[in-house]
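Peer 1: What follows is a structure written as structure tokens; I'll ask about it next.
The values are calculated or read from the model by the stated rules, or taken from the named source; none is laboratory data. This one's a predicted model, so the numbers in the text were calculated from it and none came from an experiment. Counting neighbours? That spans all protein chains shown, and the Cβs are built from the backbone with ideal geometry, glycine included. When the accessible area is computed, the model is the full protein with side chains, heavy atoms only, and any ligands, DNA or RNA have been set aside. Shrake-Rupley method; radii C 1.70, N 1.55, O 1.52, S 1.80 Å.
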Amino acid sequence: MKTGLTHALTSVRWYVQSVMGDRDYDRYLAHHASEHGASAPLTEREYWRQRFADQDRNPQGRCC
């Protein structure tokens, strides 16, 4: 029973982090390593700055 509850909580945590964008930088690093391995990736701070600047330049449907 405890294993099932732990698995459920882990799944919920993963889902919430994915929806909120917490895993986006990790996905960026994986993509960068596979597609652009020779160059250095952006730091996490640079990544988020660029991402928010891109959203401001090209607004799409979002809740807020």
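Peer 1: Calculate, in nm to one decimal, what Thr3 and Met20 gain on full extension: separation in residues at 0.36 nm each, minus their alpha carbon distance.
Peer 2: Going from the current span to full extension adds 3.5 nm.
Peer 1: Next question. Summarise the accessible area of the chain (1.4 Å probe, protein heavy atoms) by the percent that is carbon and sulfur.
Peer 2: 59 percent
Peer 1: A further question on this structure: With unit charges on the beta carbon (Lys/Arg positive, Asp/Glu negative), name the residue among Ser18, His31, Thr6 whose Cα is farthest towards the positive pole of the charge dipole of the chain.
Peer 2: Towards the positive end, the residue furthest out is Thr6.
Peer 1: Ignoring ligands, DNA and RNA, what accessible area per residue does the chain give at 1.4 Å, in Å²?
Peer 2: On a per-residue basis, the chain sits at 89 Å².
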